[in-house]
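Written out below as structure tokens is the structure these notes cover.
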Amino acid sequence: MARHEIMLGGPNEERLGLARAVRIGDYVSVGGTAPILPDGSNVDPDDVAAQATRCYEIVAEALARAGASPADVVRTRTMLVRIADAPHAVAARRAFLGDVRSVDTIVEVSRFIDLDWKIEIEVDAVVSDAGDR
């Protein structure tokens with residue numbers, strides 16, 4: 001099967017040598033997505049809800065470029081510096097997925113590469129035929 005690497009032009013793609021997402025066949029994996037704004041700056045580190053929303057905006061763009069949508073999401077992984085911020089992450093996931101119910105893992109981590117990041121999100125999707133939905 002062909003491998004398609006999806007690049008969004010974010011500052012860490014070149015610096016860290018990564019793709020935002022990879023699609024092989026019907027499977028799409030979106031890697032750890034941080035709350036980075038289009039200009040390369042970070043969302044306010046004191047606003048975890050806004051950080052989570054920004055992460056899902058980036059995920060949505062990556063999925064779209066891979067030919068997928070939130071309806072295709074089967075797994076989300078949420079990593080937080082403070083597990084007490086989980087309600088913000090859950091609200092952002094629900095807004096992103098709508099009625100779709102994915103499996104999810106939420107974990108607390110000690111920190112990320114950038115100390116202003118309080119959350120990173122990973123998403124896996126399986127692109128299905130429209131008749132399967």
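Ranked highest first by the average count of other Cβ atoms within 10 Å around their residues, in what order do 9-16, 58-65, 27-34 fall?
Ranking, from highest mean packing down: 27-34, 58-65, 9-16.
Among Val59, Val28, Val81, which residue has its Cα positioned farthest towards the positive end of the charge dipole of the chain, with +1 placed on the Cβ of Lys and Arg, -1 on the Cβ of Asp and Glu, and the dipole taken about the Cα centre?
About the Cα centre, the residue reaching furthest to the positive side is Val28.
Run the simple label-point estimate for Glu57 and Glu13 please: 7 Å along Cα→C-beta, distance reported in nm.
Distance between label points: 1.7 nm.
Pull out a ≥ b ≥ c, the square roots of the eigenvalues of the alpha-carbon gyration tensor of the chain, then state rounded if a/c is under 1.5, prolate if not and a/b is larger than b/c, and oblate in the remaining case.
Because a/c hits 1.5 or more and a/b fails to exceed b/c, the chain counts as oblate.
Which whole-number percent is the relative contact order of the chain (Cα, under 8 Å, 6+ apart)? All intermediate terms of the calculation are to be shown ahead of the outcome.
On the way: 241 pairs, mean separation 40.5, N = 133.
Once normalised by length, the contact order is 30 percent.
Can you tell me the length gained on complete extension of the stretch Ile24 to Val74, counting 0.36 nm per residue apart and subtracting the Cα distance?
Additional length available on full extension: 16.5 nm.
Would you work out the charge dipole size for the range 3-132 about its Cα centre, treating the Cβ of every Lys and Arg as +1 and the Cβ of every Asp and Glu as -1, and quote it to the nearest 20 debye?
Here the size comes out at about 200 debye.
Per residue of the range 27-34, in order, report the coupling 6.51 cos²θ - 1.76 cosθ + 1.60 (Karplus, θ = phi - 60°) as ³J(HN,Hα) in whole Hz, putting x for Gly and Pro.
Once rounded to whole Hz, the list reads 9, 10, 10, 9, x, x, 10, 9.
Which of the peptides 93-99, 119-125 is most tightly packed, and how do the rest follow, going by the mean number of other Cβ atoms within 10 Å of each residue?
So the peptides 93-99, 119-125, ranked by packing, come out 119-125, 93-99.
Report, in degrees rounded to the nearest 10, the 0 to 90 angle that the Cα long axis of helix 86-97 makes with the longest principal axis of the chain.
For helix 86-97, the angle is close to 30 degrees.
Cα axis of helix 48-65 to longest principal axis of the chain: angle in degrees, 0 to 90, nearest 10?
20 degrees
Bear in mind that the values in this text are calculations on the coordinates, not laboratory data. Just so we're clear, the structure is a prediction, and the values are computed from it rather than from any experiment. Don't worry about glycine lacking a Cβ; one is built from the backbone with ideal geometry, like all the others, and counts go over all protein chains shown.
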